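Chemist: My questions will all concern the structure given below.
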Amino acid sequence: MGKIEKNLRDVLFPELMMRKTHLIALVAILSAVSNAIMFLSFPVTLLGITSKIHFIQIPILTAAFGIGPLAGLMVGIIGAISMVFSVIPLNPFIVLYNGLLGFFAGIMYLILRRMRIHKLLAQISAVSVAFLIQIPFIWTLNTLVIGIPGAVVQVILIKLLLENLVSTLINHPILYRINLVNAGRKKRLIKSK
C-alpha cells in the first residue's frame, strides 16, 4: 500500500488505527444501547398519522462522529435490528437506512472537520447530508418494495429528520467531553537510543 493510500485511509477511517478489541467493544456497547433505546420510543401523531418517536440515532451518531464512518455503519446496522421487528409492516431495510446514516454522517463529519468547521455545525451538516442520501433509499424501498403509502413515507421522512437533528444536539455535549478515537489508538513504543 502506497503512502497516499495509507494517509487517505487514516484520514477517512480513523477507527482502523484503534486497537481491534477496543473497536469491537465500543461497537458492541453502542449497538446494544441503540437496541435498548428503541424500547423507550413513544407514539406521536403528525399530520393525522401516528408514529413512534425514538432516538436510536444517538449511539449511531456517537460511533460515526466519535470513532469513524465504518463504526457508524456497523452500529447503524447492528443497532437497528430491534427496530426491524417493532414496525408494521416488517421492514428489513431499516438496518440499511441506519447504516447509511452512520457511514455518510461519519464521512461528511471527517471532511468538514478537516475544513476547520465548528464541531456542532459540522455534525449538523453531516447529519443533514446523510439524511439527503437516505431519502431516495427510504422512499423507493418503502413505497415500491414494502408498499407503504407515499403520504405515510413523507411523515416518516419528516419525523426522521427531526429525530436526526435532535439526536445530533443531544450527541454534541457527549462527544465534546469524550474522545473515543484517541482513547483506543494503539500505543506506539518509542525506542530510546
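No value in this document is a laboratory result; all are computed from the given coordinates. Being a predicted model, the structure only gives us computed values, none of them experimental.
Chemist: Normalised by the residues of the chain, what does the relative contact order come to in percent, with Cα pairs under 8 Å and at least six apart?
Modeler: About 23 percent, as a whole number.
Chemist: Please work out which option in (i) 12.9; (ii) 16.9; (iii) 13.4 gives mean projected area of the Cα convex hull in nm² calculated from these coordinates, and answer with its label.
Modeler: Comparing each candidate, only (i) matches the computed number.
Chemist: Quick one: angle between helix 69-78 and the longest Cα principal axis of the chain, in degrees between 0 and 90, rounded to 10, please.
Modeler: The helix 69-78 is inclined about 40 degrees to the chain.
Chemist: Taking amide hydrogens as modeled 1.01 Å from N in the peptide plane, which residues meet the under 5 Å criterion relative to Ile53, leaving out close sequence neighbours?
Modeler: For Ile53, whose amide H was placed from the backbone, the distant partners under 5 Å are Phe42, Val44.
Chemist: Oh, and also: Convert each backbone phi in the range 80-95 into a coupling constant with the Karplus relation 6.51 cos²θ - 1.76 cosθ + 1.60 (shift: θ = phi - 60°), then list the ³J(HN,Hα) values in order as whole Hz, x for Gly and Pro.
Modeler: 9, 4, 5, 5, 4, 8, 9, 10, 10, x, 3, 10, x, 6, 4, 5
Chemist: Quickly estimate the mean residue ellipticity at 222 nm for the chain, helices only: each DSSP H run with n ≥ 4 gives -39500 (n - 2.57), and the total goes over all residues, rounded to 500.
Modeler: So the helix-based figure for the chain works out to -21500 deg cm²/dmol.
Chemist: Can you give the angle from 0 to 90° between the axis of helix 20-38 and the longest principal axis of the chain, with both taken from C-alpha atoms, to the nearest 10?
Modeler: 20 degrees
Chemist: Within the chain, how many Lys pairs sit with Cα atoms under 17 Å apart, leaving out pairs fewer than 8 places apart on the same chain?
Modeler: Close lysine pairs under the 17 Å cut-off: 4.
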